[in-house]
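Asks: Handing you a structure now.
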Amino acid sequence: MPSLELRTRQSLTLTPRLQQSVRLLQLSVLEFQQELRTALDTNPFLEYDSSETEDVALASTSPVEDASAQPAADTLATAESSALSAENVNGDAPESAGQDDMPGEFSGDYGGHHSARQSSDADGSDPAEWARSQPTLREQLHDALRLYRLDDRDRAVARFIIEALDDDGYLRQSLADLADSVDLEPALTEEDLLVALRLVQSLDRPGLGARSLSECLALQINALPADTPGRDVARQIAEHHLERLARREQAELQKQIGCDAEALRVACALVRKLDPKPGNCYGRAEDNYVVPDVIVRQGRNKWIVSINPAAQPRARIHRMYAQLFAQSAGASRSPLAQQLQEARWLIRNAQQRFDTIQRVAECIVTHQKAFFQYGEIALKPMVLRDVADELGLHESTISRATGNKYMATPRGIFEFKHFFPRELGTESGGTCSAAAVRALLKEMIAAENTHDPLSDVTLTKMLADQGVLVARRTVAKYRHLMKVPPAELRRQL
């Protein structure tokens with residue numbers, strides 16, 4: 001028989017505003033900006049704040065140290081460029097270093113860039129200088145092609161070859177397939193494409209435009225001076241015996257080529273110095289597109305954290321619409337009342353998002369001061385619980401505030417998660433971070449004898465001698481993460 005029964009229980013329900021706050025906190029900068037643009041397009045009570053646009057543009061290249069300048073409740077327009085602190089006054093925004101229209105000599109530096117600034121002076125340096133900026137492979141080749149006097153047809157074919165190269169610098173498609181895909185009059189032949197390919201192969205770094213690994217290495221060997229020791233034997237190895245070289249069949253190689261052991265050793269060493277992927281020496285635009293959430297700069301005897309002005313929203317309540325709506329009859333019962341409330345929630349939750357991110361970033365910088373001074377080797381072990389306890393927030397909130405968030409520092413741009421390395425034990429009973437162990441391994445491998453490289457077992461013993469207790473498989477895993485081959489492949493004959 002059906003019956004009615006009353007029960008009382010407690011449950012936690014997230015309000016719509018709290019749900020929005022949680023969702024905004026876990027978004028990346030680009031996702032948050034997309035969310036804001038969508039709200040601006042759909043909510044009539046939100047407007048884009050176009051005031052002080054020039055100031056914000058200046059602040060995005062020269063962030064100020066005054067992190068206490070906060071936007072008002074109904075507007076998130078940043079005014080940090082006018083709130084300069086007394087201890088640090090920025091100068092004019094430095095001009096961006098542009099690429100010359102005409103490339104430099106082919107044998108010189110392949111792509112100029114600004115190196116990371118290691119200066120400890122708070123001189124208003126451009127955070128963009130902390131990131132590497134290089135021309136892409138296709139940009140470099142197109143610039144070099146402009147130096148040649150070609151007719152329109154030959155230039156178009158050469159450009160087509162350049163666009164067909166992959167990121168490693170190889171031409172993976174056959175010339176026959178390329179000829180069928182080009183619509184020119186008269187029709188292209190494989191001979192036409194081969195002539196254009198030879199031109200592209202001579203534009204810049206040797207090895208570009210190769211159709212196979214063998215051709216790539218052969219092009220680099222042919223570009224060497226004629227008196228280079230082992231050049232002729234190395235060419236034979238690159239053209240016919242790469243598989244035997246990979247399998248280290250020294251006796252068979254010596255028999256097939258007909259040379260002595262010393263000549264073979266010199267030639268093998270020469271081949272191993274060649275670059276199998278010459279296209280990787282150029283910049284890739286997609287790899288550098290990271291918008292940092294916060295910027296860390298060194299002031300006077302302290303590290304200062306400020307929100308990146310370029311990441312902050314430029315939205316505010318449309319005051320005229322809000323006032324007209326408040327004066328209308330039955331405003332509280334209108335469907336527009338919900339949109340006005342959502343607009344206010346978005347403004348306040350966005351501000352709360354940036355406040356939380358800045359608090360978390362400041363706590364990270366406080367715990368990892370040694371990293372900013374000495375680098376990876378000084379990175380301390382830290383977990384989310386440490387930040388949560390110090391800030392009085394839940395650990396899940398810290399997890400959302402550190403996910404997909406980036407920090408621009410004088411040492412480069414790092415994800416927040418980078419500052420939470422795993423804890424490892426030491427012989428003395430203390431602790432060290434996994435990042436510090438990787439830094440030690442990198443130093444040991446860099447200083448090893450290339451003719452007798454260090455094995456994983458030897459590296460494990462060397463770490464133990466310094467008091468760091470890790471297993472051999474842990475060393476192998478860290479070496480793999482650093483993209484360092486095993487000792488057998490690092491050995492140079």
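The values are calculated or read from the model by the stated rules, or taken from the named source; none is laboratory data. What you are looking at is a predicted structure, and each value in this text was computed from that prediction instead of being measured. Because the Cβ atoms are built from the backbone with ideal geometry, glycine has one as well, and the counts that use them run over all protein chains shown.
Asks: Go through (1) within 26 Å of T136 (Cα to Cα); (2) at pLDDT below 90 for Q254 and report which single condition fails.
Replies: So the condition that Q254 fails would be (1).
Asks: Quick one: is V470 closer than 23 Å to A378 by Cα, under 26 Å from the mean Cα position of the chain (by Cα) and outside the structural domain of R248 (by TED's automatic domain parsing)?
Replies: no
Asks: Tell me the residue from V457, V475, V470 that is within 29 Å of K273 (Cα to Cα), crowded, with 18+ Cβ neighbours inside 10 Å and touching a helix residue (DSSP H, G or I) at 6+ places or on another chain (Cβ under 8 Å), please.
Replies: Testing whether each residue is within 29 Å of K273 (Cα to Cα), crowded, with 18+ Cβ neighbours inside 10 Å and touching a helix residue (DSSP H, G or I) at 6+ places or on another chain (Cβ under 8 Å) leaves just V475.
Asks: Something else: For A263, all conditions in the list (1) exposed (fewer than 12 other Cβ atoms within 10 Å of the Cβ); (2) of a type in the set (G, A, S); (3) outside the structural domain of F45 (by TED's automatic domain parsing) hold save one; what is the number of the exception?
Replies: So A263 meets the others, but not (1).
Asks: Separate question: With the requirement that a residue be acidic (D, E) and either under 21 Å from the mean Cα position of the chain (by Cα) or crowded, with 18+ Cβ neighbours inside 10 Å (or both), what does the stretch 372-415 give you?
Replies: Residues satisfying the conditions are E376, E415.
Asks: Continuing with this model, one more query. Just give me the residues in the stretch 226-280 being under 37 Å from the mean Cα position of the chain (by Cα) and part of a loop (DSSP other than H, G, I, E, B), in sequence order.
Replies: Hits for the stretch 226-280 are R247, R248, K273, L274, D275, P276, K277.
Asks: Next question. Can you tell which of E47, E65 is outside any helix (DSSP H, G or I), in contact with a strand residue (DSSP E or B) (Cβ under 8 Å, 6 or more places away or on another chain) and at pLDDT below 50?
Replies: None of the other options fit; the residue is E65.
Asks: Further question on the same structure: Among all residue pairs at least 6 apart or on different chains, which show Cβ distances below 8 Å where the first residue, located in the stretch 166-189, is without any contact (Cβ under 8 Å) to a residue 12 or more places away in the chain and the second is hydrophobic (A, V, I, L, M, F, W, C)?
Replies: Every condition considered, the pairs that remain are Q173/A164; A187/A179; T189/A179.
Asks: Answer with yes or no whether R205 is exposed (fewer than 15 other Cβ atoms within 10 Å of the Cβ), touching an Asp or Glu at 6+ places or on another chain (Cβ under 9 Å) and not small (G, A, S).
Replies: Taking the combined requirement at face value, the residue does not satisfy it.
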